Amino acid sequence: MIKLAKYLKPFIFGLVMAIVLLFGQALSDLSLPNYMSDIVNVGIQQNGIEQPAPDAISQDGMKLMTTFMTVSEKQLVEENYELVSSTDKNVKEKINLKADTQFFVKKDVDKSVNDSLSHAFGAATGTLINVLKDMGGQTGEAADGAKPNDAIGIELVQLYQLQPVLETLPESTVAAAHKKAVNDETTLEQVGIMFAKAFYNELGVDISSMQTSYIIRIGLLMLAIALLGGVATVLVSLLSSRIAAGVARNLRKDVFEKIESFSNNEFDKFSTASLITRCTNDITQIQQLLMMGIRMFCYAPILGIGGIIMAVNKSASMSWIIATACIALIGLIIVIMTIAMPKFKIIQKLVDKLNLVSRENLSGMMVIRAFGTQEHEKKRFGEANEDLTKTNLFVNRVMMFMMPSMTIIMNGVTLIIVWVGAHQIANSTMQVGDMMAFMQYAMQIIMAFLMLSMMFILVPRAAVSAGRIAEVLETENSIIDPENPKSFNSDKKGLVEFNHVYFRYNGADEDALKDITFTAKPGQTTAIIGSTGSGKSTIASLALRFYDVRKGQILVDGVDVRDVKIKDLRSKIGFVPQKGILFSGTIATNLKYGKKDASNADVETAAKVAQAMEFITEKSEGLDSSISQGGANVSGGQKQRLAIARALVKKPEIFIFDDSFSALDFKTDAALRKALKEHTGDSTVIVVAQRVSTIMNAEQIIVLDQGEIVGRGTHKELLKNCTQYYEIASSQLSEEELA
């Protein structure tokens, strides 16, 4: 995977933007449970009252609270509260008092001061309750039975009546009760808010309106955050899709260009089916990983780590539940990946095999039908298909085991949180909203692990695919352009020379060609003939530099083919292979394949010389008639003639015909050779042939046997001097023709 990381460089900006948006999405998702907790705790349980320090408090209430404050707390309250009258217009807009009176209103303060005030009022409330408990009176019993989450009514009138008694309490008693209250931080805010509610009721504040306003405000904020998170999700999806598609496009381009540059040596290492799979299926795996990975691989850790931090902040005492769940999830992922990972590499090899069988069946359908082996091929395909299916099913079953396991862990964690949280709520150490938020964070953490587990499904398979793609891209071409290419010698235009050439295929034990020496001159036809496997086509491949010689040299225009650019060399040669290959399009586009700017007159002339105009004119659209993939809609002979015409349109200096007349009848063969002789003029013509009749009139005939030249001369000379040639000729010609 790292080897292909360079393909992400053009998309760095988009990748960074996606990660930034993912942070935004994660922050949005992580903040929503907190706001939900606030709605439950503050909006519902606390009637919208956010803090123990009331915004307004009566004079009696202030006197009661300051009785149980420390000197510093009293000073803080005196500095930040002011005495106002209910006749004040601004005050009336906020508070609907039951009677005209004076009361204290909190000044505009910053958050830190507000927190200090809330702590002071919460501590004072806790101190009051502790003092009442110690006194053991009727009010004290009520306070003793009060729980911070209970919706009890606090009788302020009775407390105000006790004010003279409370003021006479020893300072040590109040200090001890204050210290005890401060030590119990979990209940300070809750009991403080209960008293704040009582103070608001005393002043006639519309608490219901306060509650509704708070819930609507937090709800709208949650909606805005959710919308922002949704926008971030859409943008991330768009960016990840564009990045994945762009990387896949560039990979396909580079892999195709690399394959295009392969010599026959490299093609011998990779099967065609495997190269097709690497260009399609393997790159699709990379694309899918990037598309899903950018969203999940970056988002899951942010969500998981953020969820853990937020959950611990909500309740550190229940963090062991998260830790246990994480350990179980990590163990589950490790076990499943250990079982499934080795199978991913096997799957890609089985895909190669299935593609190979499918390709052979489709390309060899006529042979299969002719020999009646459909059942055998069905069985062969079925075995390849079954192997792939079984392996895929095994991997899918292992991976599917992860989902129910995750569900069990998720539901188990939920039950434990509810069980433990309920006890803490009963003990007034946790609020309901906090428990609900903790539960949501736990689900987010598990979802993060679930997303990571999905990545563990994609990553191994994509890693295998990346390795296979890198293998193609890193393959060094054995046939490359020289660092300092030479130019062709114009004085030897069209001259082809083989000087003591030796050649051996990769992995072979013996040379396919041994000490091959001959010269093909311009204006002459040099024919090469021999038994099957004697090396005729190898000579054609070496002249085109599809392979490099092991020993010796091949000269074109007086220059070693290894010293010139490959493109320049092949631009001088018009090659017609054994198997005529046509491309989907029209007859005209196929004939202009080697020379895009060829005129229609050149195309028609080449078609006439190749004896192809006869069947072209029979088609309703003539040269514009369509050719299907591989030339499936024309016969073998027609395909060969079009391939010959394609080479003629190019007007090269050198023609190489590699057994290109084998599908032609004798009449067409003779007519084509006659027209070819007139058309090629001063060009060098090298003809590889099996039929003696095709090469009888050649100026030079080279006879090969087991990779060696065993005869050289004209047709008549070889009949007299070369036994191998005579045997070939006698098997094809009559006695009169041999005489």
Here the gain from full extension of Asn183 to Glu82, 0.36 nm per residue of separation minus their alpha-carbon distance, amounts to 33.4 nm
Percent of all Cα-Cα pairs per 10 Å bin for segment 620-684, counting from 0 up to the last occupied bin, reads 18, 49, 30, 3
Given unit charges at Cβ for Lys, Arg (+) and Asp, Glu (-), the dipole magnitude of segment 1-74 about its Cα centre in debye, nearest 20, is 720 debye
Excluding residues fewer than 8 positions from Lys9 in its own chain, the lysines with Cα under 27 Å of it are Lys253, Lys258
Phi-derived 3J(HN,Hα) across segment 16-33 with the Karplus relation (6.51, -1.76, 1.60, θ = phi - 60°), rounded Hz, x for Gly and Pro, is 5, 4, 5, 5, 4, 5, 5, 4, x, 4, 5, 4, 4, 5, 6, 7, 4, x
For Lys651, counting only lysines whose alpha-carbon sits under 18 Å away and dropping same-chain residues fewer than eight positions off, the answer is Lys492, Lys493, Lys521, Lys567, Lys572, Lys592, Lys595, Lys596, Lys608, Lys674, Lys677
Rounded to 0.05, the calculated FRET efficiency for the beta carbons of Asn484 and Glu510 at R₀ = 30 Å is 0.30
Rounded to the nearest Å, the spacing of the alpha-carbon centers of segment 612-663 and segment 513-567 is 25 Å
Taking Cα atoms only, helix 171-183 is inclined relative to the longest principal axis of the chain by an angle, in degrees rounded to 10, of 20 degrees
Rounded to the nearest 10 Å², the accessible area of Asp563 using a 1.4 Å probe with every protein chain kept is 50 Å²
So, with points 7 Å from each Cα along the Cβ direction, the Arg550-Lys667 label distance in nm works out to 4.7 nm
A correct Stokes-Einstein calculation for the chain, using the alpha-carbon Kirkwood radius, 37 °C and 0.692 mPa s, returns a whole-number D in µm² s⁻¹ of 95 µm²/s
With +1 at each Lys and Arg Cβ and -1 at each Asp and Glu Cβ, the charge dipole magnitude of the chain around its Cα centre, to the nearest 20 debye, comes out at 2540 debye
Computed about the Cα centre, the charge dipole of segment 482-563 from +1 Lys/Arg and -1 Asp/Glu charges at the Cβ has a magnitude in debye, to the nearest 20, of 180 debye
One finds the C-alpha centres of segment 36-61 and segment 349-427 to be spaced, in Å, by 57 Å
Output row, site Asp108, 7 Å Cα→C-beta label point, backbone N cut-off 13 Å, window segment 58-88, residues none
Once all protein chains are kept in place, Glu383 shows an accessible area at probe 1.4 Å, nearest 10 Å², of 100 Å²
The farthest towards the positive end of the charge dipole of the chain, of the residues Ala273, Val40, Ala612, given +1 on Cβ of Lys and Arg and -1 on Cβ of Asp and Glu, is Ala612
Amide H neighbours of Lys551 at under 5 Å, excluding residues fewer than 5 places away on the same chain, with H built from the backbone geometry, are Tyr502
Taking a straight Cα-to-Cα line shorter than 15 Å from Lys650, and setting aside same-chain aspartates and glutamates fewer than 8 residues away, one finds Asp568, Asp597, Asp602, Glu604, Asp682
Its Cα gyration tensor gives segment 375-525 an equivalent ellipsoid whose semi-axes in whole Å, largest first, are 73, 24, 11
Expressed as a percent, the accessible surface of the chain that is carbon or sulfur, using a 1.4 Å probe and the full set of protein chains, is 56 percent
Sparse-neighbourhood loop hits (GluC sites (Glu not before Pro), segment 226-324; DSSP loop; Cβ within 10 Å at most 15 others) -> none
Residues whose built amide H sits under 5 Å from the amide H of Asn489, excluding neighbours closer than 5 in sequence, are Val559
Reported to the nearest 10 Å², Lys349 has, with a 1.4 Å probe, an accessible area equal to 130 Å²
Here segment 334-460 gives, from Cα atoms, an Rg and Dmax in Å of 25.2, 87
Given all pairs of distinct Cα atoms, segment 492-649 yields a Kirkwood Rh in Å of 17.4 Å
Put His178, His423 in order of accessible area, largest first, probe 1.4 Å, and you get His423, His178
Burial-style ranking of 701-708, 599-606, average other-beta-carbon count within 10 Å with highest first, yields 701-708, 599-606
So for R0 = 35 Å, FRET eff. of Gln75-Gln161 from the Cβ-Cβ r, to 0.05, ends up at 0.80
Contour minus Cα-Cα span, Lys567 to Val710, at 0.36 nm per residue, comes to 48.2 nm
Hits in segment 38-53: amide N under 14 Å from the 7 Å Cα→Cβ extension of Asn313, namely 38
Between the residues Gln431, Ala520, Ala245, the Cα farthest towards the positive end of the dipole of the chain, that dipole coming from +1 and -1 charges on the beta-carbon of Lys, Arg, Asp and Glu, is from Ala520
Under 16 Å by backbone N from the virtual spin label 7 Å along Cα-to-Cβ at Lys3, the residues of segment 270-298 are 270-271, 275, 278-279, 282-283, 286
Inter-part gap, Cα centre of segment 104-138 to Cα centre of segment 664-739, in whole angstrom, is 116 Å
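The values are calculated or read from the model by the stated rules, or taken from the named source; none is laboratory data. Small disclaimer: the values here were computed from a predicted structure and weren't measured. Glycine gets a Cβ as well: all are built from the backbone with ideal geometry, and neighbour counts include every protein chain shown. These area figures cover heavy atoms from the full protein model, side chains too; ligands, DNA and RNA do not enter into them. Shrake-Rupley method; radii C 1.70, N 1.55, O 1.52, S 1.80 Å.
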